Amino acid sequence: MENNRRSFLKFAGVSVLGLGSLSLLDGLTSDDVIAASGQTSAAEATYKQAANALTAQRWGMAIDTRKLNDRICRNMEKACHRLHNVPDLENKKHEIKWIWDTEYKHAFPAKTDPFLAERFEHLPIPVLCNHCANPPCVQACPTQATFQREDGIVLMDFHRCIGCRFCMAACPYGSRSFNFRDPREAIKNQNTEFPTRMKGVVEKCNFCAERLAVGKQPACVEASKGALIFGDLEDPQSEIRQVLKENYAIRRKQNLGTNPSVYYLV
Amino acid sequence: MLEKALKGSKAYWLWLFALLVIIGVGFGFYLKQLDFGLGITGMNRDVTWGFYIAQFTFLVGVAASAVMLVIPYYLHNYKAFGKITIMGEFLAIAAVIMCILFIIADLGQPMRLLNVLLYPTPHSMLFWDMIVLSGYLLINLVVGWNVLDAERNSVPPAKWLKPLIYLSVPWAVSIHTVTAFLYCGLPGRGFWLTAVLAPRFLASAFAAGPAFLILLCLLVRRVTNFDPGREQIQTLSKVVVYGSIANMFFFLCEVFVAMYSQIPEHLDHLKYLFFGLHGHGTLVPWMWTAMALIVAGIVLLLIPSARKNEAVLAVACAFTFIGIWIDKGMGMVAGGFVPNPLHEVNEYFPTFPEVMIAVAVYGTGFLILTMLYKVFVGVKEELAA
């Protein structure tokens with residue numbers, strides 16, 4: 001009996017050793033070993049707020065579709081992607097996008113009517129992370145690498161993300177991208193002010209949290225020529241609330257209960 | 001006892017060597033994946049889970065199916081299963097290890113795996129999946145090993161094992177339930193958003209798992225001096241057919257709900273899988289093959305004379321196993337991602353490196369299973385001598 005217990009322990013020990021060496025090997029073969037840092041909450045690791053930082057109870061965006069055209073959409077996408085070091089990958093399967101435009105029927109698949117107002121047939125509709133008040137991606141993430149800030153912005157800790165892509169399955173808007181390969185080779189003009197990502201992590205729009213922290217509006221809002229209004233949804237005096245009071249707005253799949261913070265004026 | 005796995009015939013060593021070669025080749029591809037990234041797989045921005053996660057899901061079922069031996073033997077005192085219950089538990093061990101390996105293979109940053117422990121997140125289903133899977137692995141290791149050890153020494157199993165054995169019953173149900181919860185709690189994925197997903201997972205598991213076990217029993221009888229027993233195999237075949245019919249019943253319930261309600265978010269995925277959507281239908285032949293195999297398996301198993309013929313039984317079990325493997329291992333995961341949330345159709349099919357990595361994981365599982373079964377059969381032969 002004693003002998004058997006010992007052999008079982010040996011057996012168990014060998015198994016543990018085997019698993020351990022596997023993770024060691026993973027560590028050695030990857031070029032980035034800054035795995036997890038010691039902090040307990042990723043939320044603490046967000047941007048340092050400058051004195052002139054823009055703050056809100058809950059950030060939101062209103063997109064005025066009446067003021068949109070292809071050129072404005074292109075400019076918004078370019079501004080965002082250049083600023084955030086989003087790679088320009090040829091293979092569509094590996095594409096990374098934070099903000100892009102699509103047709104009405106894709107942005108609002110459940111609201112596609114046979115006799116749609118003509119204007120919407122080919123109108124480009126920008127889509128991005130909705131920074132939901134009730135984000136399914138945050139619920140799904142097993143490491144809190146994606147988390148919600150006090151002001152409603154849903155952020156990512158690229159250093160904590162294990163690349164399980166549970167958040168991508170959870171997102172009902174297809175707003176998240178995964179680095180299927182090293183993105184750094186496909187960044188033409190790197191912005192040294194913002195981090196690049198490594199392969200194997202998920203990323204998405206961050207409502208330009210890094211710009212809000214230094215008193216600037218999001219890059220897409222700046223490039224939108226007034227088509228995008230960004231502000232505090234909880235502040236009745238804010239411009240965005242005035243705009244939403246005076247115009248009829250719709251949100252993407254609001255029936256799912258995620259409570260998106262991006263409104264579309266139609 | 002473990003030393004029994006280290007003494008074997010030439011054929012035994014050749015088989016282990018062949019498995020090692022397969023593992024080695026697949027590991028080479030895995031190194032390539034580590035270097036390049038998951039871009040070497042067929043996964044893409046829209047279908048973000050593929051072959052690996054599908055195999056993981058399928059194998060959780062195979063692992064859970066050990067309960068189909070534990071319940072009759074320990075709860076209903078069905079003595080015949082005493083002979084093979086450990087085979088079920090050892091199969092569960094190999095299956096859970098494969099599950100863990102498939103999860104690791106699927107991670108973009110595998111060396112950060114332990115972040116799941118470092119930042120425990122109870123609102124994530126993946127956290128619970130990790131807990132139930134590792135717990136199940138431990139339970140089966142301890143129970144299987146100790147019961148076999150007691151048998152070897154011709155003493156009754158230690159008393160403290162009893163609560164663990166009882167615990168293994170709900171625990172087995174939990175591993176597949178939590179695995180279903182990974183999918184069915186996601187708001188925007190109509191194909192998975194069904195309460196019948198967990199019951200269906202369990203039903204298909206209780207068909208595919210015992211079907212595989214029957215094949216293993218037949219194989220063990222052929223290559224060793226140990227006979228798992230005709231009665232045992234026949235009883236298992238009834239478990240398979242009950243499970244397979246329940247699986248088809250749940251599936252048809254889903255089909256009814258989607259087709260009668262005609263809600264596009266639910267219907268479109270089924271359309272894509274079985275008829276193709278907007279001209280895309282890569283999985284259509286696979287899905288119909290799966291359905292044909294499952295139905296043929298049920299028909300063969302329902303006819304007593306066919307079921308009692310072990311050659312026919314083997315075919316029926318292979319049909320059932322492969323059919324469910326295709327349905328769960330290809331259709332279930334990819335089908336939930338197509339069409340995508342923007343209602344665009346971007347298809348998925350595994351690539352060669354991806355399949356080779358998966359084969360290597362299966363090779364590892366078979367290696368573990370072979371060695372565990374070698375120990376098991378060794379004890380049985382020792383007792384018979």
Q) In terms of modelled amide H atoms, which long-range or inter-chain residues lie less than 5 Å from the amide H of A:Phe158? A) none
Q) What is the distance in Å between the Cα centres of segment A:116-154 and segment A:77-111? A) 13 Å
(Q) Please compute the average number of Cβ atoms from other chains found within 10 Å of each residue's Cβ in peptide A:156-163. (A) 5
Q.
Counting only helical runs of four or more DSSP H residues, what would the 222 nm mean residue ellipticity of the protein assembly as shown come to if each run contributes -39,500 (n - 2.57) and the total is spread over all its residues?
A. -17500 deg cm²/dmol
Q: Taking the convex hull of the Cα atoms, report for segment B:4-123 its projected area averaged over all directions, in nm².
A: 11.5 nm²
Q: Just need log10 I(q)/I(0) for the protein assembly as shown at q = 0.05, 0.06, 0.07, 0.09 Å⁻¹, Debye formula, equal scatterers on the alpha-carbon atoms, no solvent, rounded to two decimals.
A: -0.26, -0.37, -0.50, -0.78
Q | Euclidean distance between Cα centres, segment A:217-233 to segment B:237-303, Å | A | 48 Å
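For a protection proxy built on the mean count of beta-carbon atoms within 10 angstrom, sort A:48-58, B:259-269 highest first, please. The partial results should precede the final answer.
Details: A:48-58: 13.0, B:259-269: 15.5.
Going by the mean number of other Cβ atoms within 10 Å, highest first, we get B:259-269, A:48-58.
Given a Förster distance of 45 Å, report the FRET efficiency between A:Ala53 and B:Cys253 from their Cβ-Cβ distance, rounded to the nearest 0.05. Spell out each step's value before the answer.
Numbers: r = 54 Å, r/R0 = 1.20.
About 0.25, to the nearest 0.05.
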Q: Grab the beta carbon distance between A:Gln242 and B:Leu114, set R0 = 41 Å, and tell me the FRET efficiency rounded to 0.05.
A: 0.25
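By the gyration tensor of its Cα atoms, with a ≥ b ≥ c the square roots of the eigenvalues, what is the shape of segment A:111-266: rounded for a/c under 1.5, prolate for a/b over b/c, or oblate?
prolate
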Q. Could you give the nm distance between label points at A:Phe158 and A:Lys216, where each point is 7 Å from its Cα heading toward the beta carbon?
A. 1.6 nm
**Q.** B:Ile303-A:Ala186 pseudo-label distance in nm [points 7 Å out on the Cα-to-Cβ vector]
**A.** 5.4 nm
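Ignore the peptide's own chain and count Cβ atoms of other chains within 10 Å of each Cβ in B:331-342; give me the average, rounded.
Values: counts 0, 0, 1, 0, 0, 1, 2, 0, 2, 4, 11, 13.
Per residue, the number of nearby Cβ atoms from other chains is 3 on average.
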Q: Quote the FRET efficiency, to the nearest 0.05, computed for B:Lys238 versus B:Lys79 with a Förster distance R0 of 22 Å and r equal to the Cβ-Cβ distance.
A: 0.85
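Can you pull the semi-axes for chain B, root of five times each eigenvalue of the Cα gyration tensor, sorted largest first, whole Å? Let's see the in-between values first.
Details: eigenvalues 233, 119, 84 Å².
That gives 34, 24, 20 Å for the three semi-axes.
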Q.
Cut-off under 27 Å on the C-alpha distance; same-chain residues fewer than 8 positions from A:Lys188 excluded. Which lysines are left, in chain and number order?
A. A:Lys78, A:Lys92, A:Lys93, A:Lys97, A:Lys199, A:Lys204, A:Lys216, A:Lys225, B:Lys32
**Q.** Whichever aspartates and glutamates have a C-alpha closer than 15 Å to that of A:Lys245, once near sequence neighbours (fewer than 8 apart) are set aside
**A.** A:Asp64, A:Asp232, A:Glu234, A:Asp235
Q) Near B:Lys83, which lysines are there with a Cα under 21 Å away, not counting those fewer than 8 places off in the same chain? A) B:Lys4, B:Lys159, B:Lys162, B:Lys238, B:Lys308, B:Lys374, B:Lys380
Q) What does the highest-first list of B:159-166, A:200-207, B:62-69 look like by mean Cβ count within 10 Å? A) B:62-69, A:200-207, B:159-166
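Highest first, please rank the peptides B:233-244, A:222-233 by the mean number of other Cβ atoms sitting within 10 Å of their residues. Kindly include the intermediate steps, with their values, before the conclusion.
On the way: B:233-244: 21.7, A:222-233: 19.9.
Those peptides, ordered most packed to least, come out B:233-244, A:222-233.
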Q | Average other protein chain Cβ within 10 Å of Cβ, residues A:128-136 | A | 1
Q. Quick one: length gained pulling A:Lys78 to A:Glu150 fully straight, 0.36 nm per residue minus the C-alpha distance?
A. 23.1 nm
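Each reported figure results from applying straightforward, stated rules to the coordinates on display, with no laboratory input. Just so it is clear, the structure is predicted and the values come from calculations on it, not from any experiment. Using ideal geometry, Cβ is built from the backbone for each residue, glycine included, and neighbour counts are taken over all protein chains shown.
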